[in-house]
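The values are calculated or read from the model by the stated rules, or taken from the named source; none is laboratory data. Owing to the predicted nature of the structure, the values given are computational and were not obtained by experimental measurement. Every residue, glycine among them, receives a Cβ derived from its backbone with ideal geometry; neighbour counts consider all protein chains shown.
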Amino acid sequence: MTADTPDLSELAGLARRIAEALERIAPPAPAPFDPTAADAFVWKPDGGRLAPVAKVNRVALALLHGIDRVRDTLMDNTRRFADGLPANNALLWGARGMGKSSLVKAVHAEVNAAAGPGTGRAPLKLVEIHREDIESLPDLMNLVRPDAHRFLVFCDDLSFDADDTSYKALKAVLEGGVEGRPENVLFYATSNRRHLMPRDMVDNERATAINPGEAVEEKVSLSDRFGLWLGFHKCSQDEYLAMVFGYCDALGLPGVDRDAVRREALEWATTRGARSGRTAWQYIQDLAGRMGHRLG
């Protein structure tokens, strides 16, 4: 060994310092998943973790008007799942602002109101997964599969565009994979599209594919993985006004002139070119602000 050659002790010290430096800059290991931390979570695929949500942004089920049939159907399906009975994945599709995502969150709260100690039913866990994270669904399934709780996985505004292949991960999780959907998981999605694909995308597949039938089937069959299809349609004027006055009564707006509210609410909807639950709620927020009345 020459004078310029480091001895083994120097090399060991150098290796130890490198290892310590790497440990300092490495991200901490994710904490073990604690399903009792909350009743609602948001999936964070980068860290492979579920972030608890202390307070869910939702409205009471009683405030959702004009969707009685789909409300009752989704409620029955969710209750069966929470009770450990067979239930279907659900696709809530249709007009914007008619309460699709609000209904999912409200039904979750209503079902959990009947859960807890002494009821024989553990709280149902709501997990939101963002549209751009759909490809990580298998990782989410692996995280919750061994847990004793039941999970309602929810994706809002789900749709797919041309050249987007992430829908295949969703198809596999819903039914098609070897493992399939875990028994303790149900998947709900909302979309403005019944088939989750734009019509021109399906038409293009039909026109350009070598086997048009198979190409279209590959895209459209995604919706078939949802056993429950619930359609939301534009509301009538009477249904829109029922939403407005339902909010007025539930929120206790003082001294409301119902004739004036009716005129203003209709004008509000006209200026926006739409009658919907979202439009009704936006008008109520404006009215409450003008009256100096705090909401919530």
Residue match in region 223-231 (condition: at pLDDT below 90 and assigned to a helix (DSSP H, G or I)): yes
Among the candidates ASP83, ASP133, ASP139, ASP161, residue that is in the same structural domain as GLY66 (by TED's automatic domain parsing) and free of Cβ contacts under 8 Å to residues at least 40 places away in the same chain: ASP83
Some residue of region 148-159 being outside any loop (DSSP other than H, G, I, E, B) and surrounded by fewer than 19 Cβ atoms within 10 Å (Cβ to Cβ): no
Options ARG263, ARG294, ARG275; residue that is free of Cβ contacts under 8 Å to residues at least 12 places away in the same chain and part of a loop (DSSP other than H, G, I, E, B): ARG294
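If you go through region 116-130 one residue at a time, how many are surrounded by 15 or more Cβ atoms within 10 Å (Cβ to Cβ) and either in a loop (DSSP other than H, G, I, E, B) or within 17 Å of the chain's Cα centre (by Cα) (or both)?
Let us first name the residues in region 116-130 that are surrounded by 15 or more Cβ atoms within 10 Å (Cβ to Cβ), namely 121-130.
With either in a loop (DSSP other than H, G, I, E, B) or within 17 Å of the chain's Cα centre (by Cα) (or both) added as a condition, the list becomes 122-130.
Of the residues in region 116-130, 9 are surrounded by 15 or more Cβ atoms within 10 Å (Cβ to Cβ) and either in a loop (DSSP other than H, G, I, E, B) or within 17 Å of the chain's Cα centre (by Cα) (or both).
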Pairs where the first residue, in region 38-60, is farther than 28 Å from GLY277 by Cα and the second is β-branched (Val, Ile, Thr) and not in a loop (DSSP other than H, G, I, E, B), C-beta under 6 Å, 6+ apart: ALA51/VAL42
Count - residues of region 274-292 that are at pLDDT 90 or above, surrounded by fewer than 21 Cβ atoms within 10 Å (Cβ to Cβ) and closer than 17 Å to ALA95 by Cβ: 3
